[in-house]
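Novice: Structure below; questions to follow.
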Amino acid sequence: MQKRLVVIGNGMAGARAVEEILARGGAEMFQITMFGEEPYGNYNRTRLGRVLTGEDAETDLVINSLQWYRHNDITLHTGARVERVDKFSHHVFASNGRVVEYDLLIIATGSSPYLPPMSGLTSPSGTLRHGVFTFRTLDDARRMTGFARQKEHHRAAVVGRGPVGPEAARGLQMQGLEVRMIPGSGAVAILGTHHITGVSVPNQPIIDCQMVVVTAGSRPNVGLAVVSGLAVERGIVVNDHLKVMDEEDIYAVGECVQHRGEVYGMVAPLWEQAAVLADHITGSDRSSMYLGTRVVT
């Protein structure tokens with residue numbers, strides 16, 4: 001009899017874990033249900049910069065099309081955020097009203113852009129103000145492209161030391177904007193009342209711009225784990241098998257996890273973690289262990 005496997009997160013880590021599980025005969029073992037907050041199949045975030053420059057089309061980023069999920073008998077709920085896990089009754093509760101029971105659960109909620117405490121960053125409602133962007137999703141790339149192409153927009157500032165900063169800057173330059181990069185975010189203020197007019201940096205002249213992209217790194221998405229009573233420090237705490245600490249039926253993988261005190265915001269660890277998780281969840285190699293990833297910068 002097939003077990004019910006639920007995967008929360010349809011990004012690169014969650015989808016890769018499912019690919020690895022299928023490669024180990026998981027289609028016969030599991031009835032798989034996946035939840036993804038974006039309205040797409042899985043795509044390659046590391047190539048978003050090439051979409052912004054125009055070097056790649058959006059379709060070039062696709063890793064798993066919606067047809068792939070159907071072909072593998074995977075139930076995919078797109079545009080659906082899982083809001084709570086009841087680890088005692090083994091149910092997940094999603095924003096689209098779905099309540100799904102699981103035997104085994106994988107959490108792959110990824111990370112979100114870090115928003116530093118900058119003056120002028122947000123609107124009174126707490127959302128990013130018009131003209132301020134982060135750069136993590138396909139929708140981000142679309143919005144940035146649309147804004148940059150408006151004829152009244154000529155200059156942009158890219159704020160922060162995150163790894164996507166140079167990609168965002170290059171992409172906006174290819175869209176015809178003059179771009180200034182501001183490595184640090186401390187004491188930086190975004191100016192303008194109804195629309196952005198510039199950025200203030202200590203001991204420097206005001207930088208004239210109509211657009212600001214914040215690339216100050218990322219933080220693991222642990223909100224779901226916190227409200228669900230799972231072990232969380234900087235990330236969701238997992239052991240060498242990618243099993244969540246003190247949980248028998250819940251695994252986590254990718255940028256949302258903390259393993260041996262480390263969190264990773266890059267792709268290579270995701271592949272290694274997904275393989276070990278699949279080894280254990282399918283029983284194909286119970287001796288498999290994830291011992292961490294050496295980070296080379």
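Novice: Please state, rounded to one decimal and in Å, the Kirkwood hydrodynamic radius that segment 115-214 gives when every pair of distinct Cα atoms enters the mean of 1/r. Display every interim value, and only then the final one.
Specialist: Details: mean 1/r = 0.0748 Å⁻¹.
Hydrodynamic radius (Kirkwood, Cα pairs) of segment 115-214 is 13.4 Å.
Novice: Before rounding to the nearest 500, sum -39500 (n - 2.57) across all DSSP H runs of length at least 4 in the chain and divide by the residue total; then give [θ] at 222 nm in deg cm²/dmol. Intermediate results must be reported in sequence, preceding the final value.
Specialist: Numbers: 8 runs with 70 residues, N = 297.
Counting only the DSSP helices, I get -6500 deg cm²/dmol.
Novice: Measure nothing fancy, just the Cα-based angle from helix 138-148's long axis to the longest principal axis of the chain, in degrees from 0 to 90, nearest 10.
Specialist: Helix 138-148 sits at roughly 10 degrees to that axis.
Novice: Please work out the C-alpha center-to-center distance from segment 49-125 to segment 230-297 and express it in whole Å.
Specialist: Using only Cα atoms, the two centres lie 19 Å from each other.
Novice: Under the rule a/c < 1.5 gives rounded, and otherwise a/b versus b/c splits prolate from oblate, where does segment 211-278 land using the Cα gyration tensor?
Specialist: Details: a/c = 2.50, a/b = 1.44, b/c = 1.74.
Cα axes put segment 211-278 in the oblate bin.
Novice: I've got another one for you. Using a Cα-Cα cut-off of under 29 Å, which lysines could be cross-linked to LYS3, ignoring same-chain neighbours fewer than 8 residues away?
Specialist: Qualifying lysines at Cα under 29 Å: LYS87, LYS243.
Novice: Pairing the Cα long axis of helix 12-23 with the longest principal axis of the chain, what angle in degrees results, from 0 to 90 and rounded to the nearest 10?
Specialist: The two axes meet at around 30 degrees.
Novice: Still on this model: Taking the chain as the reference, fit the longest principal axis to its C-alpha atoms, fit the long axis of helix 165-174 to the helix C-alpha atoms, and give the angle between the two in degrees, 0 to 90, nearest 10.
Specialist: Once rounded, one gets 60 degrees.
Novice: Right, something else. Taking N as the number of residues in the chain, what is its Cα Rg relative to 2.2 N^0.38 Å?
Specialist: Values: Rg = 20.5 Å, N = 297, 2.2 N^0.38 = 19.1 Å.
Compactness ratio reported: 1.07.
Novice: Taking N as the number of residues in segment 37-135, what is its Cα Rg relative to 2.2 N^0.38 Å? Kindly include the intermediate steps, with their values, before the conclusion.
Specialist: Details: Rg = 17.5 Å, N = 99, 2.2 N^0.38 = 12.6 Å.
Here the answer is 1.39, to two decimals.
Novice: Loop-only check: which trypsin sites (Lys or Arg not before Pro) in segment 227-297 are DSSP coil with at most 13 other Cβ within 10 angstrom?
Specialist: Numbers: sites: ARG234, LYS243, ARG260, ARG286, ARG294; in loops: ARG234, ARG260, ARG286, ARG294.
Filter output for segment 227-297: ARG234, ARG260, ARG286, ARG294.
Novice: So, one more: Using alpha carbons only, how many angstrom separate the centre of segment 189-228 from the centre of segment 130-160?
Specialist: 12 Å
Novice: Longest exposed-loop-site-free stretch of the chain, with GluC sites (Glu not before Pro), DSSP loop and at most 13 other Cβ within 10 Å? Intermediate values should be presented prior to the final figure.
Specialist: Values: sites that count: GLU55, GLU152, GLU233, GLU248.
Looking at the chain, 56-151 is the longest stretch - no exposed GluC sites (Glu not before Pro) with at most 13 other Cβ atoms within 10 Å.
Novice: Taking loop as defined by DSSP and a crowding limit of 12 other beta carbons within 10 Å, which chymotrypsin sites (Phe, Trp or Tyr not before Pro) in segment 17-105 fit? All intermediate terms of the calculation are to be shown ahead of the outcome.
Specialist: Values: sites: PHE30, PHE35, TYR40, TYR43, TRP68, TYR69, PHE88, PHE93, TYR102; in loops: TYR40, PHE88, TYR102.
Within segment 17-105, the qualifying chymotrypsin sites (Phe, Trp or Tyr not before Pro) (loop, at most 12 other Cβ atoms within 10 Å) are PHE88.
A short reminder: the numbers here are calculations on the coordinates, not readings from a lab. If you're wondering where the values come from, they're calculated on a predicted model, not measured in any experiment. All Cβ positions, glycine included, derive from the backbone under ideal geometry; neighbour counts span all protein chains shown.
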